[in-house]
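Okay, structure first, notes after.
The values are calculated or read from the model by the stated rules, or taken from the named source; none is laboratory data. The shown structure was predicted, so the numbers you read here are calculated from the model rather than taken from an experiment. Every residue, glycine as well, gets a Cβ built from its backbone with ideal geometry; the counts of neighbours run over all protein chains shown.
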Amino acid sequence: MGYAIVERELIGTLRTRRALALLVGVAIAFSLLVVSRWPSDATVELSGVQAQEVFRLFAYGLLAILVLMVPAFPATSVVREKNQGTLDLLLNSPMPSWSIYLGKMLGILVFVILLLTMSLPAASAAYAMGGVSWLRQILPLYGILALVLVQYTALALLVSSYAATTDSALKITYGLVLLAAVVTLGPHFFLQGQPGWMPKAAEWVRCASPVPTVMELVGHGDAGSFGRGAPTTLARFAAFAAGSAIVFAVTTIVRLNSFLLDRPRPQGIVTDDRSTAQQWLRRLVFLVDPHRRKRGIGPFVNPVMVKEFRTRRFGRIHWLLRLVSLAALVSLLLTYAATTGTIDWGVETIGGIMVILQVALLLVLTPSLAANLISTERESGGWELLMMTPLPARSILLGKLLSVFLTLLLLMLATLPGYLVMIWIHPPLRWQVWQVLICLSWMALFAMFLSAAVSSLCRRTALATTISYALLSVVCVGTMLIWLGGGTTFGHELVESVLQINPMAAALTIIEAPGFTNYRLVPSNWWWMGGMCLLCVFVMLAQTWRLTRPQ
Amino acid sequence: MGEQTSAVVVKDLTKVYGQLTALDGLSFELEQGRILGLIGPNGAGKTTAIKILVGLARATRGRASIAGCDCLHHPKKIKRLVGYMPDTFGSYDNMRVWEYLDFFGAAFGIRRSQRRGRIEDVMETTGSTYMRDRYVESLSHGMKQRIGIARTLLHDPSVLILDEPANGLDPQARIEMRQILLRLAELGKTLIVTSHILPELSRICDVVAILNRGKLEAFGTLNDIMRKVSQKRTLEVQLGSGDGLERVAGMVREFVEPEAEITESPSEAIVRFRTSKPESEMGSLLASLISANIAVTQFREIPADLEDAFLSVTRHAEESDS
């Protein structure tokens, strides 16, 4: 019975344009990679260095595709069926929940295996060049990728079973995947070589990411360890991936029953109708209670901006206050710890941690706020209603962008106290801090305009969110993979050229974070960012203008 | 009908998408305070006509005006004159009904001091005051339709254009929706309503327009349309008992055309027949039945049915096309 679901999921996925584009794109990209590195003369290169270079690019490329593209398919799988009403039909059939789950899981796995098959000719070509082993390198790489695939698919299906919309499922899944694959590398990067228990804990935490394992396999030793030895991560990663996948799968199977759909409509009780004690309690907990009765939208305020704030679940003012407080607290604690000497990291390391945390926050939050600005309106029919109001298109667009801009500004301001303490500790840093803040502001603006432009081009929010996350990840995370291979696979100039488009890397070079001292990325990065922002604004304006015209 | 007294004037409205003519020379006029039922099969051009009227689509040819304002050249002014409810609700998550109406009120530039009262008014008109604190996405379909109408009323437009307002409603909600629409007509609003539920439309519409393949096949009151599309009327003779049915059927046959369709229903003690003979001759038939000592309990014309009219018009159009 489960075969029916496998068939439907697989055929459903294969029929989409993005699946076709992905399959063809992977085949073309890896063919070009091999062709570009294939020996052009008749001499044989016995050292195998060229083949190793091809294999490294090949391995990082495959890993990046898996991390960036694969979660998009399972993340929408359960929630879409729930919203379309087809999950009712499945749960009402004699199929047990494990069979439904297995069907969905296998449907996605078969598709991705098909995707990986597209890379086999390139892997064979790398082997044919000499210097790459099937048994010690190529097969283990596919083994690691298979583990990553199962783990992220199971995670995305679990998120999908909890989410209320495809959009929120994608946001949460990408946030968790980025956390597991990239953010977990941060603590080890900064703490390695230090005494105490924290570096050991960081060593374990980074094993949640497949990046160190793949780097070990392709001969890079360890992610950002700069020659220092590190214990093998393969066993830890395999145990973590398999264990977490089993936990995710079991939890999702348990959740896949009729109780998943047995939810009452929210009562919508407003705080004003509750008892005085409850009202006070809510005031203390929320600071700004989202459930109190509102006064009307005030004069001189863009109504679209207010609407955007009110319709967000995450992003309403009480959530923002919590997030801002947390960000302010973390940045202050970090700088306080450095000042009092309890940790001997140095201002540069503290600055680096703050930059990475801030970029991670921007990377996770911005597409979730901006990628639905126009696509959600078009998907829900709200765009037609907005067009029927006398609001001009510029007001609608301005209101929407302001709602994202103000949120991001709050987040940026939250870390300002931390940077001020840094300047107080080490006054010559003042100019560097300003430059870092400019880089981060560019990052925020670029993420906002890129997501908004993508949103104006897509009819569906889920697609807009996926594309926005993928593009931003390529810019901020994908380029860092090239940096990780700096000095061995990639030359200094190539790494510096690639990092020009990464505002996080630019900020890290300014703050002179470890590993970034040899690069000069400013002001060329600012020019890049400015140009890309202009391009995104132009696309967004042109598309919005087109959408507001009578058809 | 003069253009000054007409709330809606449409002349030779045509919309062509590539090879497809979605609307082909649509022309009609609608007076202030009347309810127009716009009906037609799927793809007939109803939504295209509506979108041109509300300024969301451009016409290839022709003109349309609402309250004297040209829909094609002044789409911004039209937005203030028209309240439009599309067939999709357009809800926003995490918004309460009051906040939802407050947003649209603000978007229409209604001052905050006036907006509060205006929201209360429209909620009362549509019977949705009790929903004010509910989340919009948690409302049932019928509740959403009421809120949709409340939203269209916020800026007090003179013309309301409602696309399928009764679609998906249960019988109780349909009755309530009908009452709301009649109340709006009493308030002097001009309504253009599309629907697939023809019996519902026939109960509220003053005027009906039947569209088929982009062309206006019939326009007028229901009775006018029935007379135009079908020259025959259906009449019923009900007796005290079923004993004299054959005799009555024989007498009817002498009065009506030879090819007329006559049916007997013994269980109801009714003889039904369709004829194109005038009312005066039907009076003579009744007199003959009474003088023949037949116990006639009812002699009546069955009212025109919108479903019959619709099917008849679309069938005629298909026959003439073929």
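Among the numbered conditions (1) surrounded by 20 or more Cβ atoms within 10 Å (Cβ to Cβ); (2) within 14 Å of another protein chain (Cβ to nearest Cβ); (3) modelled with pLDDT of 90 or more, the only one that A:SER368 does not meet is (3).
Scanning the range B:71-82 for residues that are in a helix (DSSP H, G or I), more than 7 Å from every other protein chain (Cβ to nearest Cβ), surrounded by 18 or more Cβ atoms within 10 Å (Cβ to Cβ) and not β-branched (Val, Ile, Thr) yields a count of 1.
If you take the residues of the range A:525-551 that are in contact (Cβ under 8 Å) with a residue 24 or more places away in the chain and over 25 Å from the mean Cα position of the chain (by Cα), which of them is surrounded by the most Cβ atoms within 10 Å (Cβ to Cβ)? Across the range A:525-551, the extreme among qualifying residues is A:THR544. Within the range B:101-130, restricting attention to residues that are within 19 Å of B:ILE180 (Cβ to Cβ) and within 9 Å of chain A (Cβ to nearest Cβ), the residue that is surrounded by the fewest Cβ atoms within 10 Å (Cβ to Cβ) is B:PHE104.
Taking B:ALA59, is it touching a residue at least 24 places away in the same chain (Cβ under 8 Å) and within 12 Å of another protein chain (Cβ to nearest Cβ)? Yes: the conditions hold for B:ALA59.
Yes or no, residue by residue, for (1) more than 20 Å from B:ALA67 (Cα to Cα); (2) within 14 Å of chain A (Cβ to nearest Cβ):
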| position | (1), (2) |
| --- | --- |
| B:GLY148 | yes, yes |
| B:THR152 | no, yes |
| B:GLN179 | yes, no |
| B:LEU182 | yes, no |
| B:LEU187 | no, no |
| B:ILE192 | no, no |
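If you go through the range A:500-543 and keep only what is assigned to a helix (DSSP H, G or I) and within 30 Å of A:GLN192 (Cα to Cα), you end up with A:PRO503, A:MET504, A:ALA505, A:ALA506, A:ALA507, A:LEU508, A:THR509, A:ILE510, A:ASN525. Being of a type in the set (Lys, Arg) and within 14 Å of another protein chain (Cβ to nearest Cβ): is that true of A:LYS171 here? Yes; evaluated as a whole, the condition is true for this residue. Within the range A:144-160, the set of residues being crowded, with 22+ Cβ neighbours inside 10 Å and either among the polar types (S, T, N, Q) or free of Cβ contacts under 8 Å to residues at least 60 places away in the same chain (or both) comprises A:GLN151, A:THR153, A:SER160. Quick one: is B:ARG132 without any contact (Cβ under 8 Å) to a residue 40 or more places away in the chain, under 19 Å from B:GLU176 (Cβ atoms) and under 21 Å from the mean Cα position of the chain (by Cα)? For B:ARG132, the condition - without any contact (Cβ under 8 Å) to a residue 40 or more places away in the chain, under 19 Å from B:GLU176 (Cβ atoms) and under 21 Å from the mean Cα position of the chain (by Cα) - is not met. Filtering the range A:395-405 to residues that are surrounded by fewer than 23 Cβ atoms within 10 Å (Cβ to Cβ) and within 11 Å of chain B (Cβ to nearest Cβ) leaves A:SER395, A:GLY399.
Yes or no, residue by residue, for (1) within 34 Å of the chain's Cα centre (by Cα); (2) in a strand (DSSP E or B); (3) under 20 Å from B:GLY240 (Cβ atoms):
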{"site": "B:GLU254", "(1), (2), (3)": "no, no, no"}
{"site": "B:ALA260", "(1), (2), (3)": "yes, no, no"}
{"site": "B:GLU264", "(1), (2), (3)": "yes, yes, yes"}
{"site": "B:VAL271", "(1), (2), (3)": "yes, yes, yes"}
{"site": "B:ARG274", "(1), (2), (3)": "yes, yes, no"}
{"site": "B:ILE290", "(1), (2), (3)": "no, no, yes"}
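Checking the stated criteria, B:GLY45 turns out not to satisfy the condition of being more than 8 Å from chain A (Cβ to nearest Cβ), crowded, with 17+ Cβ neighbours inside 10 Å and modelled with pLDDT of 90 or more.
May I ask you to list the residues in the range B:177-198 that are under 21 Å from B:ILE119 (Cβ atoms) and buried (at least 17 other Cβ atoms within 10 Å of the Cβ)? Once the filter is applied, which keeps residues that are under 21 Å from B:ILE119 (Cβ atoms) and buried (at least 17 other Cβ atoms within 10 Å of the Cβ), the range B:177-198 yields B:MET177, B:ILE180, B:LEU181, B:LEU184, B:LYS189. The residues of the range B:233-251 that are surrounded by 15 or more Cβ atoms within 10 Å (Cβ to Cβ) and either polar (S, T, N, Q) or under 14 Å from B:ARG300 (Cβ atoms) (or both), listed by number, are B:ARG233, B:THR234, B:LEU235, B:GLU236, B:VAL237, B:GLN238, B:LEU239. Evaluate the range A:312-324: report whether one residue or more is part of a loop (DSSP other than H, G, I, E, B) and at pLDDT 80 or above. No, the conditions are met nowhere in the range A:312-324.
A:ASP272 passes every criterion in (1) under 32 Å from the mean Cα position of the chain (by Cα); (2) closer than 30 Å to B:ASN94 by Cα; (3) among the acidic types (Asp, Glu); (4) modelled with pLDDT under 85 apart from (1).
Counting only helices (runs of 4 or more DSSP H) that sit completely within the range A:64-127, those holding 1 or more residues that are of a type in the set (D, E, K, R) correspond to A:77-84, A:86-91, A:97-117. Tally time: how many residues in the range B:244-285 are touching a residue at least 40 places away in the same chain (Cβ under 8 Å) and of a type outside the set (Val, Ile, Thr)? Selection size over the range B:244-285: 6.
Here A:ARG546 passes the criteria (1) more than 14 Å from chain B (Cβ to nearest Cβ); (2) in a helix (DSSP H, G or I) except the one numbered (1). The number of residues in the range B:83-100 that are modelled with pLDDT of 90 or more and either more than 7 Å from every other protein chain (Cβ to nearest Cβ) or touching a Pro at 6+ places or on another chain (Cβ under 8 Å) (or both) comes to 5. Against the criterion of being outside any helix (DSSP H, G or I) and under 20 Å from A:PHE58 (Cα atoms), A:VAL148 does not qualify.
In the range A:381-394, which residues are under 22 Å from B:ASP93 (Cβ atoms) and more than 7 Å from every other protein chain (Cβ to nearest Cβ)? Those that are under 22 Å from B:ASP93 (Cβ atoms) and more than 7 Å from every other protein chain (Cβ to nearest Cβ): A:TRP383, A:LEU386. The conditions of being buried (at least 21 other Cβ atoms within 10 Å of the Cβ) and within 29 Å of A:VAL79 (Cα to Cα) are met by A:MET448. For A:ALA235, the test of being surrounded by 13 or more Cβ atoms within 10 Å (Cβ to Cβ), of a type outside the set (Phe, Trp, Tyr), modelled with pLDDT of 85 or more and under 30 Å from A:GLY515 (Cα atoms) is failed.
Look at (1) without any contact (Cβ under 8 Å) to a residue 60 or more places away in the chain; (2) closer than 30 Å to A:LEU32 by Cα and you find that A:ALA72 fails only one, number (1).
For A:SER468, indicate whether it is assigned to a helix (DSSP H, G or I) and under 14 Å from the mean Cα position of the chain (by Cα). In short, yes.
So which residues in the range B:164-212 are outside any helix (DSSP H, G or I), charged (D, E, K, R) and modelled with pLDDT under 85, if there are any at all?
B:ASP170
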